[in-house]
Amino acid sequence: MGKIILYQVLPRLFDNHNTTRAVSGTLAENGCGKFSSFSADVLDRIHRMGFTHIWYTGVIRHATATDYSPFGIPRQHSEIVKGKAGSPYAITDYYDVDPDLADDPDKRMEEWKALIERTHQAGMRVIMDFVPNHVAREYHSVCKPVGTKDLGEDDDPTKCFSAGNNFYYCGAQPLDLSQVLRAHPVESSLKPYSEFPAKATGNDCFQACPSGNDWYETVKLNYGVDYCDPNGRSNHFQPIPDTWDKMTQILLFWAGAGIDGFRCDMAEMVPEAFWAYAIKSVKEHFPQLIFIGEVYNPDLYLYFISAGFDYLYDKVGMYDAMHAVIRNERPASDITVQWQNKNNILGHMLYFLENHDEQRIGSDFFCGNPQQAVPAVIVSALLQQNPFMVYSGQEFGERGMDEEGYSGRDGRTSIFDYWSPATLTHAYETDNGLTAQQRELSVTYAMILYTAAHEKAVAEGE
């Protein structure tokens, strides 16, 4: 396959020409990027930057404050949606795609499949999210294949835990959002959100009253692990839990739609035994498909690689070291320590300097000057054969210092709001309006990435 150079892009933010940029603005006010923004010409330009794969982030339909009920899509209650656009990781239908991204919401699936084909024709492969740990509180699939049962459809909600349930329940208690609404007030014409019995929250909160810091908009999926066993956490993997089969079928559905790999959100919150089962099942049918795991605990790396993951985030390790070296907080010799510590699994580690969870290099919270990180880009991209990922806008020095709404001014590009980052509004157009410094940085990135992807000494050499 050669060296993977991965481009992470949130289509909602890409090529959005609406520059209103109202704080906490609606879709009508602030606009939204579309699948069609990735034209053949745009994709060719991305490929010529050196990218081999594109991770289209936030494609699967998720909870949003925008009302799509005229298109047969259930409306989501705003009290359990983060921001106006909503979190891409609060999935409402695993078999559907985000109507925000379609020119015609009724044809959203056809438009997504057309983008997959255009990406392939441009010489790149397609990665999409798989979010296995949690779903939106109002999850309900309206696009599931005939004969497929919905998550929770056969649950017994009187049991806090049952190996046959898809969700965990908090006893005979209603969901209490009082702490959440104090932290994140919401204006709504709807009646207060009601859930009985309360389901456990996605970040392993097994109480009926999540806080504003919890993943309160999500519910935890049950893979047969009893977290509330009075004798200590226990596993119930025989017979195979129903959730395992349902989630494996979702993976097979998207693999059959032509994608080339999954970036698996918070993979370490789901048991390794499930991954071994699911990845084996998928690769029996699609042997070339790759799995990228978001795993932060280095002590677990070998377990997840053994379970079948092709690549894992090297966040607690190389990213943290690079971050500190760029900021003059650690000596550069620490870079050697990090890669040598993982020498036996080095080819499985995904390097990056930005992603949607981390602060932008150019932000005031990181180092304020994206040029300062060019040496780190060179090392990350050229040191080893393992993959390197760039977050869209990074190659132009996006600073992430906008105050978009829900996320505030935190040095990150919001995943919760409708917005148009200035660097991505026209970035891949011929007359893109970038500054001289931004153009210079993008040329530098292109030189590094093209070298990484095409120079055999880098792509194949040790």
Kindly check whether there is at least one residue in region 344-357 that is surrounded by fewer than 15 Cβ atoms within 10 Å (Cβ to Cβ) and in contact (Cβ under 8 Å) with a residue 40 or more places away in the chain. yes
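For region 430-462, how many residues meet the condition of being aliphatic (A, V, I, L, M) and in contact with a Leu (Cβ under 8 Å, 6 or more places away or on another chain)?
3
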Within region 318-329, is even one residue under 27 Å from residue 361 (Cα atoms), modelled with pLDDT of 95 or more, acidic (Asp, Glu) and surrounded by fewer than 19 Cβ atoms within 10 Å (Cβ to Cβ)? yes
Could you say whether any residue in region 18-26 is modelled with pLDDT of 95 or more, out of contact with any strand residue (DSSP E or B) (no Cβ under 9 Å at 6 or more places or on another chain), part of a helix (DSSP H, G or I) and surrounded by 18 or more Cβ atoms within 10 Å (Cβ to Cβ)? no
Qualifying residues in region 32-46 (those that are assigned to a helix (DSSP H, G or I), open to solvent by 10 Å² or more (accessible area, probe 1.4 Å) and not acidic (Asp, Glu)) - the one nearest to residue 418 (Cα to Cα): 37
Scan region 220-239 and give yes if some residue there is within 22 Å of residue 86 (Cβ to Cβ) and in contact (Cβ under 8 Å) with a residue 24 or more places away in the chain, otherwise no. yes
Could you please give the count of residues in region 172-219 that are of a type in the set (D, E, K, R), crowded, with 21+ Cβ neighbours inside 10 Å and either without any contact (Cβ under 8 Å) to a residue 24 or more places away in the chain or assigned to a loop (DSSP other than H, G, I, E, B) (or both)? 1
Checking 66, 57, 119 in turn, the sole residue that is polar (S, T, N, Q) and either farther than 20 Å from residue 14 by Cβ or open to solvent by 20 Å² or more (accessible area, probe 1.4 Å) (or both) turns out to be 66
So residue 407 clears everything in (1) at pLDDT below 95; (2) over 22 Å from residue 33 (Cβ atoms); (3) within 20 Å of the chain's Cα centre (by Cα) except one condition, right? Which one? (2)
Odd one out for residue 151, checked against (1) in contact with a Pro (Cβ under 8 Å, 6 or more places away or on another chain); (2) surrounded by 15 or more Cβ atoms within 10 Å (Cβ to Cβ); (3) of a type outside the set (D, E, K, R); (4) touching a residue at least 40 places away in the same chain (Cβ under 8 Å): (1)
Selection from region 110-132 of residues under 17 Å from residue 265 (Cβ atoms) and not hydrophobic (A, V, I, L, M, F, W, C) yields 129, 132
Only one residue in 61, 75 is outside any helix (DSSP H, G or I), within 23 Å of residue 220 (Cβ to Cβ) and touching an Asp or Glu at 6+ places or on another chain (Cβ under 7 Å), so which one is that? 61
So which of 105, 157 ends up being surrounded by 15 or more Cβ atoms within 10 Å (Cβ to Cβ), in contact with a helix residue (DSSP H, G or I) (Cβ under 6 Å, 6 or more places away or on another chain) and modelled with pLDDT of 95 or more? 105
Give the residues of region 230-281 that are open to solvent by less than 40 Å² (accessible area, probe 1.4 Å) and of a type in the set (D, E, K, R), sorted by residue number. 246, 260, 263, 265
(1) open to solvent by less than 40 Å² (accessible area, probe 1.4 Å); (2) more than 19 Å from residue 239 (Cβ to Cβ) all hold for residue 145 apart from (1)
When both residues are 6+ apart or on different chains and their Cβ atoms are under 8 Å apart, which pairs have a first residue that lies in region 328-341 and is under 12 Å from residue 383 (Cα atoms) and in contact (Cβ under 8 Å) with a residue 40 or more places away in the chain, and a second that is open to solvent by 80 Å² or more (accessible area, probe 1.4 Å) and of a type in the set (S, T, N, Q)? none
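The values are calculated or read from the model by the stated rules, or taken from the named source; none is laboratory data. Since the structure is predicted, the reported quantities are computational estimates derived from the model, not experimental observations. Ideal geometry is used to build each Cβ from the backbone, glycine not excepted, and the neighbour counts take in all protein chains shown. Only protein heavy atoms, including side chains, enter the accessible area calculation; ligands, DNA and RNA are left aside. Shrake-Rupley method; radii C 1.70, N 1.55, O 1.52, S 1.80 Å.
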